[in-house]
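Asks: Would you mind keeping the following structure in view while I ask a few things?
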Amino acid sequence: MDTNYRDRIIAGVLIGLVILLYCNYIGQLLSGVLLALLVIIILLVPVRDMGVPKVSKAAPVQEEFEGKVLADSRIYEKANSFIGIPIGIVLGKIFGRYESVFTIRAQKSSVIVVYPGICAVSMDDNVRVFGTWYEGKNVGIKGSFVRAERVIDESSDLVFSLKS
């Protein structure tokens, strides 16, 4: 069991106990049981990317190619789970993972590269990318894009790899 799921179970049980004790104190034990069960269920249901369109593979081709980076990479945090209680305002925390996005010029066309991690490349760096090609129209990208598994920055000799 991963630590994120274990922490969610502990938080759900603790919040449920606090709700039960408070509702017992004010004399509303039945509503406290129902509210505690509701909170525990909300915390334990896995949150997936429900509204995000699925990425379909155009062809499961893994390919390595070289190119020149057209702009600095953008690193952002993609949310994948949330723990919290909405009480007027939302009290909680969003958990996520980092992704890097950059564009390279390869073989007279530009290619969008998505790396699931932190990949700091700068403009005008020469890079080699190893990854899988995907169809981009399902996620709002014209043409195809590459989900990189390994990026080698030849200008600074940095290697970004998902596999150690």
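Asks: Would you mind getting me the FRET efficiency between residue 70 and residue 142? Use the beta-carbon distance for r and R0 = 22 Å, nearest 0.05.
Replies: Details: r = 16 Å, r/R0 = 0.71.
Efficiency for this residue pair is about 0.90.
Asks: Follow-up. So for the range 62-161, averaging the separation of alpha carbon pairs under 8 Å that are six or more residues apart and normalising by length, what relative contact order in percent results?
Replies: Over the range 62-161, the number comes to 28 percent.
Asks: Give me the number: length gained by fully extending residue 156 to residue 77, i.e. 0.36 nm times residue separation minus the C-alpha to C-alpha distance, one decimal in nm.
Replies: Between residue 156 and residue 77, full extension yields an extra 26.0 nm.
Asks: What is the calculated FRET efficiency for residue 24 to residue 91, with r their C-beta to C-beta distance and R₀ = 30 Å, to the nearest 0.05?
Replies: The computed FRET efficiency comes out at 0.85.
Asks: Then there is this: Using only the Cα atoms of the range 78-121, what are the Rg and Dmax in Å?
Replies: Rg, Dmax (Cα atoms, Å): 17.0, 54.
Asks: Residues with amide H under 5 Å of residue 155's amide H, sequence separation 5 or more or different chain, H placed in the peptide plane at 1.01 Å from N; which?
Replies: 126
Asks: Then there's this: Ordered by residue, what ³J(HN,Hα) values in Hz, to whole numbers, does the range 119-133 give under the Karplus form 6.51 cos²θ - 1.76 cosθ + 1.60, where θ = phi - 60° and Gly and Pro are x?
Replies: Coupling constants for the range 119-133: 9, 8, 10, 10, 4, 6, 7, 8, 10, 10, 10, 10, x, 10, 7 Hz.
Asks: Enumerate the amide H contacts of residue 72 below 5 Å, restricted to partners 5 or more residues apart or on another chain; note that Pro and chain-start residues carry no placed amide H.
Replies: 123
Asks: Still on this model: Using modelled amide H (1.01 Å from N, peptide plane; none on Pro or chain starts), what sits under 5 Å from the amide H of residue 95, excluding residues fewer than 5 places away?
Replies: Sorted by chain and number, the residues that satisfy this are 80, 81, 82, 83.
Asks: Now a separate question. Residue separation times 0.36 nm, minus the C-alpha to C-alpha distance between residue 17 and residue 31: what's the value?
Replies: The residue 17-residue 31 span can extend by a further 3.7 nm.
Asks: Can you give the Rg to Rh ratio of the range 3-44, both from alpha-carbon atoms, with Rh computed by the Kirkwood formula?
Replies: Working: Rg = 10.7 Å, Rh = 10.2 Å.
Value, to two decimals: 1.05.
Asks: If you fit an axis through the alpha-carbon atoms of helix 29-44 and take the longest principal axis of the Cα set of the chain, what angle between them do you get, 0 to 90°, nearest 10?
Replies: Between helix and principal axis, roughly 10 degrees.
Asks: Still on this structure, please answer the following. Work out the FRET efficiency for residue 109 and residue 7 from their Cβ-Cβ distance, taking R0 = 41 Å, and round it to the nearest 0.05.
Replies: Working: r = 45 Å, r/R0 = 1.09.
Working from the Cβ atoms, E equals 0.35.
Asks: As a test of the definition: which semi-axes, in Å, follow for the range 114-158 when you take the square root of five times each eigenvalue of its alpha carbon gyration tensor? Largest first, please.
Replies: So the three semi-axes of the range 114-158 are 22, 11, 9 Å.
Asks: Where is the GNM fluctuation largest for the chain (alpha-carbon springs, 10 angstrom cutoff): 69, 111, 18?
Replies: With Cα springs under 10 Å in the chain, the top fluctuation among 69, 111, 18 is at 18.
Asks: Farthest toward the dipole's positive end in the chain, which of 28, 162, 109, given Cβ charges of +1 (Lys, Arg) and -1 (Asp, Glu) about the Cα centre?
Replies: 28
Asks: With all pairs of different alpha carbon atoms counted, what Kirkwood hydrodynamic radius in Å does the chain show?
Replies: Roughly 19.0 Å, rounded to one decimal.
We did not get these values from a lab; they are worked out from the coordinates using the rules stated. As the structure is a computational prediction, the values presented were derived from the model and not from experiment. Backbone-built Cβ (ideal geometry, glycine too); neighbour counts: all protein chains shown.
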